[in-house]
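Reviewing the structure listed below.
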Amino acid sequence: MLFKQQALLRQKLFVLGSLAIGSLLYLVARVGSLDRLQPLCPIDGRFGPRGQDEIPLRALQFKRGLLHEFRKGNATKEQIWLHNLVQQLPKAIIIGVRKGGTRALLEMLNLHPAVVKASQEIHFFDNDENYAKGIEWYRKKMPFSYPHQITIEKSPAYFITEEVPERIYKMNSSIKLLIIVREPTTRAISDYTQVLEGKERKNKTYYKFEKLAIDPNTCEVNTKYKAVRTSIYTKHLERWLKYFPIEQFHIVDGDRLITEPLPELQLVEKFLNLPPRISQYNLYFNATRGFYCLRFNIVFNKCLAGSKGRIHPEVDTSVITKLRKFFHPFNQKFYQITGRTFNWP
Ligand code: A3P
């Protein structure tokens, strides 16, 4: 009798135990699947198809957080797929000019929630070795972005390199091209200052700017000096115009970007067909640096690196006058072609 009761109890316990384990397994499976599915909904809601005017400002936080992590290569393939991230070819390229303020322009445009920057200069179109690696190699160098965002890269060497216009044309004949220029003589001195700093870092001596910029035999401007040649903007632009109509270019005033960045950025937003999202809040003047710095949100702000905004060496005024006189006719032609006039002397 006692044996029969014990057997019945064991049977009941077994049934109850099985039920409990079954329920537990079901709950684990259900919660697990919810855990995997849940992130899709809010992400889809935020970044699903929208009109351009509705680009969510919240993307800014994502740019500093999630996208940043993805860019550092900390994401798994599943996470990339889950968040619908892609590596897109650039829709716009800052093609130059070296020392025109290309870094400041890229960083400031990156304040826009719909813009994602390629942090490094990729040098795909100007470097034969890179170019031979093919367009997929280039695309893989691009940052992860949401499909509604546009990718921008900058490589200032593109502007002066012979083969680049044709190569970019072959990739995308309707791409938007940004050129940031500064007063040509100041730009040439800035260019010289960068090279000089490199030489000094290696404990090397270097010529004075005057010696490089003026041909000692003729006492005329030395057009073989690269810093001078780069500042003849119209010569380079004319090569580009063999491939792209002028409407595909936007000229940024690099001198004004230093003193008054917002209106320059608003012109670029317009050119890129982006809704105006960069505001005065995103830019604040830092007296110590002597430049505008960037404010992404209440906690994250940054200034450009110390290599931007170097103190230029003093240059003989007669050399400056000679250079300005030399650049003058080229500048006039540049104004005429671009339809943008600068107050360069
Ligand atoms: P200088 O170092 O001669 O002052 P690039 O990025 O094309 O190399 O251009 C560098 C130039 O960007 C700097 O030249 C600097 O004047 C200019 N610039 C424009 N806005 C700036 C900013 N907000 N912070 C630092 N540099 C800025």
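The values are calculated or read from the model by the stated rules, or taken from the named source; none is laboratory data. On a predicted model such as this, the values are computed, not experimentally measured, just so you know. No Cβ is skipped: glycine too gets one built from the backbone with ideal geometry, and neighbour counts run over all protein chains shown. Surface areas here come from the heavy atoms of the whole protein model, side chains and all, with no ligands, DNA or RNA. Shrake-Rupley method; radii C 1.70, N 1.55, O 1.52, S 1.80 Å.
Out of region 312-324, which residues are open to solvent by 50 Å² or more (accessible area, probe 1.4 Å) and either among the acidic types (Asp, Glu) or touching a residue at least 40 places away in the same chain (Cβ under 8 Å) (or both)? Break it down into steps so the answer makes sense when it comes.
Of the residues in region 312-324, the ones open to solvent by 50 Å² or more (accessible area, probe 1.4 Å) are 312, 314, 316-318, 321-322, 324.
Scanning region 312-324 gives His312, Glu314, Asp316, Lys322, Arg324.
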Odd one out for Glu197 among (1) without any contact (Cβ under 8 Å) to a residue 60 or more places away in the chain; (2) open to solvent by 60 Å² or more (accessible area, probe 1.4 Å): (1)
Name the single residue that is nearest to the ligand (Cβ to nearest atom) among those in region 325-342 being open to solvent by less than 60 Å² (accessible area, probe 1.4 Å) and in a loop (DSSP other than H, G, I, E, B). Phe342
Pick from region 172-184, criterion open to solvent by less than 10 Å² (accessible area, probe 1.4 Å) and under 21 Å from Pro261 (Cα atoms), ranking: nearest to the ligand (Cβ to nearest atom): Ile180
Consider region 290-301. How many of its residues are near the ligand (Cβ under 10 Å from one of its atoms) and either in a strand (DSSP E or B) or open to solvent by 70 Å² or more (accessible area, probe 1.4 Å) (or both)? 4
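Is it the case that some residue within region 306-324 is within 12 Å of the ligand (Cβ to nearest atom), of a type in the set (S, T, N, Q) and not in a helix (DSSP H, G or I)?
yes
Matching residues to (1) within 16 Å of the ligand (Cβ to nearest atom); (2) buried (at least 20 other Cβ atoms within 10 Å of the Cβ); (3) among the hydroxyl-bearing types (Ser, Thr, Tyr):
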{"site": "Val116", "(1), (2), (3)": "no, yes, no"}
{"site": "Gln120", "(1), (2), (3)": "yes, no, no"}
{"site": "Asp126", "(1), (2), (3)": "yes, yes, no"}
{"site": "Tyr131", "(1), (2), (3)": "no, no, yes"}
{"site": "Tyr138", "(1), (2), (3)": "no, yes, yes"}
{"site": "His148", "(1), (2), (3)": "no, no, no"}
{"site": "Ala157", "(1), (2), (3)": "yes, no, no"}
{"site": "Glu162", "(1), (2), (3)": "no, no, no"}
{"site": "Lys170", "(1), (2), (3)": "no, no, no"}
